[in-house]
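The structure under discussion appears below in the form of structure tokens.
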Amino acid sequence: MTEDLTTVEAIPESRIGFRGIRLPSFTRIMRPEPASNGLVTAPTELATLEGRNISAWFGDHQVLDRVSLTMEAGVITSLIGPSGCGKSTFLRILNRMHELVPSASLAGEVLLDGEDIYDPARKLVEARKHIGMVFQKPNPFPAQSIYDNVVAGLTLTGTRVSRDERDELVESCLTKAGLWKEVKDRLRAPGAGLSGGQQQRLCIARSLAVRPRVLLMDEPCSALDPTSTRVIEETMLELADEVTIVIVTHNMQQAQRVSQHCAFFLASQGTPGAIVEHGDTDAMFADPIDPRTFDYVNGRFG
Ligand SMILES: Nc1ncnc2c1ncn2[C@@H]1O[C@H](COP(=O)(O)OP(=O)(O)OP(=O)(O)O)[C@@H](O)[C@H]1O
Ligand SMILES: [Mg+2]
């Protein structure tokens, strides 16, 4: 740990580095054309998710301090930073999961295309439907079939799909998640029978079935081997033109491979987590503004 890190306190807004985002060449803000294969892939509008002045507490323990970050439509944003700096907490606030912890509280705003997901007039289920989450450990329903796993979220979110459309939806989501070819002949087999990497892709397919506008991924590859990791990364890159993706990762190479925008979180010496610097991923890794970012991305701590 460098001296800088031991002395950092709340990071004033004016010190947060930002240098803009390089929009990827594949970015499309809308996907207005229905899929030509007739599958149930009606267009979803890409959405921008914005966290404004997000602070978070567990009981009296403040773990985030006024974090603001815009996760642009069509851009993959990575969140990096040492263990305990609040990345998962920030992610969970983005789809209203933080409030499930009894002692948890938060301040700030989360806007999905400008609309506050915490607006009391809006239903919780709406936020969950629009903003999906994939966790570190693959968590398919083990006893349920692969098919039923994919459609599991439909009832929960009140999404109505006819019997025929269900089959199409399952195929299209498994295809998008890069799993269709491997499982098309055993859709009725239990989800638990898949490998870890396949289970994670099944969870991605399950998230996609409710047609989220944003997909949050909390260390989705940390339990996977390098080959499965690459498959998930390819899946993410292919999904990026239809869903806004935010990924938490401890893998610096992964952040560089998949994300165009990167935010470096840090909490030190009992201070709550905050963003030190965010911006174009390549620039942040090649030439960070803040020396703490330099130290972190070069493996000097964390
Ligand atoms: N359910 C909880 N109850 C109490 N404190 C919690 C809870 N979840 C997280 N914390 C605390 O909040 C802080 C931020 O945790 P968080 O899990 O968001 O960090 P993180 O950056 O995701 O870490 P990691 O990289 O290890 O996953 C930590 O101090 C952690 O101990
Ligand atoms: Mg975490």
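The values are calculated or read from the model by the stated rules, or taken from the named source; none is laboratory data. Worth saying up front: this structure is predicted, and the values here are computed from it rather than measured. We place every Cβ from the backbone using ideal geometry, glycine too, and count neighbours over all the protein chains shown. Accessible surface is based on the protein model in full, side chains and every heavy atom, while ligands, DNA and RNA are left aside. Shrake-Rupley method; radii C 1.70, N 1.55, O 1.52, S 1.80 Å.
Using only helices, what value at 222 nm comes out for the chain when you add -39,500 (n - 2.57) per DSSP H run of length 4 or more and divide by the total residues, to the nearest 500 deg cm²/dmol? It comes out at -9000 deg cm²/dmol, rounded to the nearest 500. Entry comment: accessible area of segment 49-297 is 39 Å² per residue, from protein heavy atoms only and a probe of 1.4 Å. Applying 1/(1 + (r/R0)^6) with r as the Cβ-Cβ distance of Arg300 and Glu234 and R0 = 35 angstrom yields a FRET efficiency of 0.70. Highest mean packing first, where packing is the average number of other Cβ atoms within 10 Å per residue, the peptides 73-83, 110-120 line up as 73-83, 110-120. Calculate how steeply helix 163-176 sits against the longest principal axis of the alpha-carbon atoms of the chain, using the helix alpha-carbon long axis, and give the answer as 0 to 90 degrees to the nearest 10. With both axes taken from Cα atoms, the answer is about 40 degrees. Net charge of the neighbourhood of Gly193, taken over other residues with C-beta under 15 Å away and scored Lys/Arg +1, Asp/Glu -1, is +1. At an R0 of 30 angstrom, the distance between the Cβ atoms of Asp164 and Asp241 translates into a FRET efficiency of 0.65. Each residue, Glu182 and Ser105, gets one label point 7 Å from its Cα in the Cβ direction; the gap between the two is 4.5 nm. The long axis of helix 146-156 is offset from the longest Cα principal axis of the chain by roughly 70 degrees.
Sequentially through segment 127-141, phi angles give Karplus couplings (6.51, -1.76, 1.60; θ = phi - 60°) of 4, 5, 5, 6, 10, x, 9, 10, 9, 4, 9, x, 10, x, 6 Hz, Gly and Pro residues having no value and appearing as x. In plain terms, the chain from Thr155 to Glu115 could stretch by 12.0 nm, reckoned as 0.36 nm per residue minus the Cα-Cα distance. In the context of the full protein assembly, Phe58 retains an accessible surface of approximately 70 Å², using a probe radius of 1.4 Å and ignoring ligands and nucleic acids. Estimated at the nearest 10 Å², the accessible area of Arg122 is 80 Å² with a 1.4 Å probe. Using a probe of 1.4 Å on the protein chains alone, the accessible area found for Met284 is around 0 Å². Computed over neighbours whose Cβ is under 13 Å from that of Glu115, the net charge equals -3, Lys and Arg +1, Asp and Glu -1.
The relative contact order of the chain comes to 29 percent, based on Cα pairs under 8 Å that sit 6 or more residues apart. Listed values for segment 184-190 are Karplus-derived 3J(HN,Hα) couplings in whole Hz (6.51 cos²θ - 1.76 cosθ + 1.60, θ = phi - 60°), namely 4, 9, 9, 5, 8, 6, x, and x replaces Gly and Pro.
Legend: residues Lys176, Lys137, sorted from most to least accessible area (1.4 Å probe; ligands, DNA and RNA excluded), read Lys137, Lys176.
Each residue of segment 240-251 is assigned a 3J(HN,Hα), and the resulting list reads 4, 8, 10, 8, 6, 10, 10, 10, 8, 8, 9, 9 Hz, derived from the Karplus form 6.51 cos²θ - 1.76 cosθ + 1.60 (θ = phi - 60°), x at Gly and Pro. Fully extending the segment from Phe141 to Val125 would add 3.8 nm, taking 0.36 nm per residue of separation and subtracting the current Cα-Cα distance.
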